[in-house]
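First comes the structure, then the notes that go with it.
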Amino acid sequence: MSNSVAADLTEVRAAAELVAFGLQRRARPVEGSDYRALLDRYRSELRFRDVVDTMAEGLGLEVLGTPRSGIVLAPEPGGAFATRLADLRTMDQAERLVFGLVLLGIAAYAYPQDVDFDDPETKLVDVVKVDEFLRSAIDTLQGQEGGEGTPEERARAAAEVYADMPQLITTQTGRRARGCTLKVIEDALGWLVDQGAAREATSLGPDVYHLTDRFRLLVADSAGGAALDALRELRAVGGAA
Amino acid sequence: MTAAASVVSPAADATARARWRALALTDPIARLVRNAAHAGIDDELFDLRQLALAAVDLVVGSMGFAREATLEEVAEDLTALAARMRPDRAHQARDVAQVVLKGLLNEAHEHRRFTYWFADLSGERVEREPYSFRLLSLREAEYGPVLVASDQAITLFLHGLDVDLEDADRALAHVLQRQLDDRRFDAAVRTAAQAERTSVGIAATLSELLDATRRDVGSHDWLVDVPERLAIARRHVEERIGEDDRFLEHVQSGLDAETSGDVRAASGRIVDLLGRVRQVHLDLERRLVGAREVFLAAQVRQRLAKRRRLRMLALGEDVLRPALVLPREQAVEVTTAFADRSLGVSVPRLVRFDDLLDQLWAPPRQREAVEPVTEEAGLDEAAEEDVQRYPAAVVEAAREVLDGARVEPARLSDLLDGCGSDEVAELVLLSALWAFAPDPVADEEEPDGSVELAAGLAAEDDGTRLDHRLARGRDLLLRAAAPEEGGPGVEEDELELVAP
């Protein structure tokens with residue numbers, strides 16, 4: 001193969017700096033900053049882009065895009081930078097399922113169709129509305145699936161775990177307590193904020209959050225596909241069985 | 001069957017669609033006024049329509065320039081306006097601002113576009129034609145979420161008439177010329193003001209296009225539409241700059257020769273307005289020249305870059321619904337695969353022995369929320385201002401407010417009311433808490449600066465209730481610390497921060 005090109009060491013350093021900026025959740029490419037200069041370089045120089053992409057790949061990362069808010073990196077599963085739901089809190093299977101459903105619900109609420117992934121508009125989500133969205137999806141299923149599967153099978157469905165959990169339990173001080181779905185949604189959005197995938201929109205109310213471009217790209221180009229693959233695999237196993 | 005008869009008259013029919021659209025454009029505002037009643041906001045007390053127009057004006061006015069208005073800034077400006085409308089109900093002003101912004105963002109329909117149906121009666125069969133538009137939408141910018149106005153919002157901003165902005169810009173120049181020739185100076189001032197708004201409107205429309213040249217989403221037609229629009233915009237702006245100079249010279253020379261005071265005053269205002277129009281056009285030209293380079297580079301890149309993958313995925317239908325009906329042990333595989341990927345990157349951190357020891361010695365503190373991952377000061381960032389710290393100006397303002405309590409005892413509620421911004425108020429609040437119940441394990445790196453500010457202050461609880469926008473609990477009485485203070489009487493938890 002003769003298409004290997006030697007990279008200039010200063011270019012490699014600059015590429016590493018850009019990846020490092022992408023790993024810092026609070027770094028922002030404001031006008032005049034080094035970060036902005038590197039980001040513009042990534043957008044306009046194909047060669048530099050290749051160096052950054054290659055370096056990221058070597059580190060177990062993938063560059064998903066470069067919206068105005070900065071470079072978005074996705075970790076390879078099992079890589080050094082991967083985040084696992086289980087790392088955020090010790091939880092049993094039911095709790096893990098509810099948290100997973102909530103994250104999926106937040107994404108499905110904000111980006112119901114494929115065109116929404118290309119829309120740069122920042123989506124707003126509200127804790128209570130996400131819960132209503134999930135519960136109404138479950139109600140619709142229960143209404144439609146009345147005849148499908150045995151009652152036993154239906155009782156074991158994931159939807160039942162969510163439906164069983166109360167919407168709200170409060171602490172003595174009036175806050176949401178653990179064990180209710182609103183608290184799970186609040187915590188999940190809190191994690192997304194910590195991960196730079198959401199921001200609190202306090203000017204629109206206490207329970208309102210913006211989903212950032214980072215979340216949009218992560219769902220569109222990484223998480224959505226991974227979930228779909230997992231579903232396909234289960235269907236293949238089920239079909240083969 | 002005969003061919004479709006005209007609905008009213010050929011002339012009326014020809015403009016029906018445009019006039020219908022102008023009507024539809026204001027409907028979201030009528031709707032937000034109706035919905036506000038459910039939120040307990042009385043339209044007779046607060047002029048919600050004017051606030052909605054003010055929001056659009058603020059957003060459009062900032063769009064043509066380097067920095068767009070953030071959601072927070074617009075919310076604050078609207079709050080101030082609402083408070084001016086009803087000073088006796090200033091406590092409701094923030095809610096009013098929220099209702100207006102949520103209405104313009106179409107919160108009632110999950111922030112989707114407003115859609116109206118036009119019955120097209122021009123053919124033999126009646127065609128129902130959707131008219132969908134947004135007024136304001138949110139975008140992520142490098143400095144946070146910013147508000148962007150749609151072309152329809154810009155139309156609202158300009159008298160609500162559905163006209164081509166560049167045509168309007170040109171037409172206004174003719175009208176202005178005529179008025180100046182006829183020495184109708186008062187009318188000319190109004191036309192010049194309208195011309196200024198039109199040029200700001202054009203700047204806002206184009207800023208959206210310029211932004212699109214920087215983005216890497218394939219939502220624009222790069223081959224035909226974008227270059228064409230850029231070329232038209234550039235031609236228009238260049239032509240306008242020449243005209244602006246000619247106008248300015250014309251009015252200026254008239255001004256020098258004029259003796260009537262009224263005419264001189266009117267001409268002076270016209271010169272100011274035209275000067276601003278010219279500046280907007282010049283700024284636009286500069287950005288359009290730069291945009292061409294960005295556009296060409298983007299075109300090359302789009303041609304060469306590999307398309308990552310197709311995003312043909314309807315999350316609700318394709319993933320959420322199937323996952324919900326799966327048995328729970330299978331569903332958890334799907335949801336975990338999704339969750340792990342949607343959370344993005346985590347930077348592994350090595351534990352330092354010193355830190356670990358400090359943590360083990362520290363008394364446990366209860367937190368309700370999950371512990372946020374602390375950020376590493378990376379590379380050049382270390383030298384920059386710590387984002388977790390309050391800006392120096394805020395600390396200084398809080399110090400000034402608290403100094404008042406050192407001179408004579410003051411209630412926390414009064415101190416909070418005397419704060420210029422929420423950030424200052426938050427810091428004053430934290431300092432008051434600190435003065436009331438100092439934390440014995442505080443370290444020198446207290447990020448909010450409240451330790452230092454609270455030095456020499458004592459807070460006392462005399463049972464008065466505090467019910468402030470930012471905090472609820474006990475209204476502490478702050479004063480200069482006496483030599484020996486009694487122990488705290490209530491728990492720190494009893495003063496609860498309200499999310500701002």
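Derivation of every value follows stated rules applied to the coordinates shown; laboratory data play no part. Only a predicted model underlies this, so the values are computations on that prediction, with no experimental measurement involved. We place every Cβ from the backbone using ideal geometry, glycine too, and count neighbours over all the protein chains shown.
Some observations on this one:
- Scanning residues 5 or more positions from residue A:176 or on other chains, those with amide H under 5 Å from its amide H are A:171, with H placed 1.01 Å from N in the peptide plane.
- Our summary gives chain A a relative contact order of 16 percent, counting only alpha carbon pairs under 8 angstrom and 6 or more residues apart.
- Exposure proxy order (Cβ contacts within 10 Å, fewest to most) of A:102, B:189: B:189, A:102
- Order of A:183, A:129 - criterion: other Cβ atoms within 10 Å of each residue's Cβ, fewest first: A:129, A:183
- Computed over the alpha-carbon pairs of the range B:235-292, the distance histogram in 10 Å steps reads 23, 43, 22, 10, 2 percent, short to long.
- Farthest toward the positive end of the dipole of the range A:9-75, out of A:66, A:14, A:54, is the Cα of A:66, where the dipole comes from beta carbon charges about the Cα centre.
- The alpha carbons of the range A:166-241 occupy a box of 53, 31, 17 Å along the principal axes, longest dimension given first.
- Peptides B:36-43, B:474-481, A:203-210, ordered by how many other C-beta atoms sit within 10 Å of their residues on average, highest first, read A:203-210, B:474-481, B:36-43.
- Given charges at beta-carbon only (K, R positive; D, E negative), |dipole| of chain A in Debye: 620
- Cβ neighbours within 10 Å from other chains - mean over A:158-165: 4
- Fraction of alpha-carbon pairs over 13 Å apart in the range B:104-172 - percent: 74
- Mean shadow area of the range A:9-75 over all directions, Cα convex hull, nm²: 4.0
- Shielding of A:212-223 by partner chains, average beta-carbon count, 10 Å: 5
- For the residues of B:412-420, the average number of beta carbons from a partner chain within 10 Å of their own beta carbon is 0.
- The length gained on full extension between residue A:54 and residue A:16, counted as 0.36 nm times the residue separation minus their Cα-Cα distance, comes to 12.6 nm.
- All Cα-Cα distances of chain A, cut into 10 Å bins from zero to the largest, leave 6, 25, 31, 21, 11, 4, 1 percent in each bin in turn.
- Taking every Cα-Cα distance in the range B:10-153 and sorting them into 5 Å bins starting at zero, the pair-distance distribution P(r) comes out as 2, 9, 18, 19, 17, 13, 10, 6, 4, 2, 1, 0 percent.
- Mean separation of Cα contacts under 8 Å (6+ apart) over length of the range A:9-75, as relative contact order %: 34
- Neighbour-count order for A:44, B:421, A:69, fewest beta carbons within 10 angstrom listed first: B:421, A:44, A:69
- The calculated FRET efficiency for residue B:85 paired with residue B:23, based on their beta-carbon distance and R0 = 25 Å, is about 0.40.
- Farthest toward positive dipole pole in chain A [+1 Lys/Arg, -1 Asp/Glu at C-beta], among A:209, A:97, A:225: A:209
- Highest average first, the peptides B:11-17, B:133-139 ordered by how many other beta carbon atoms sit within 10 Å of their residues are B:133-139, B:11-17.
- Ordering of A:156-166, B:315-325 by packing [mean C-beta count within 10 Å, highest first]: B:315-325, A:156-166
- Using the Cβ-Cβ distance between residue B:293 and residue B:347 with R0 = 45 Å, the FRET efficiency computed as 1/(1 + (r/R0)^6) comes to roughly 0.80.
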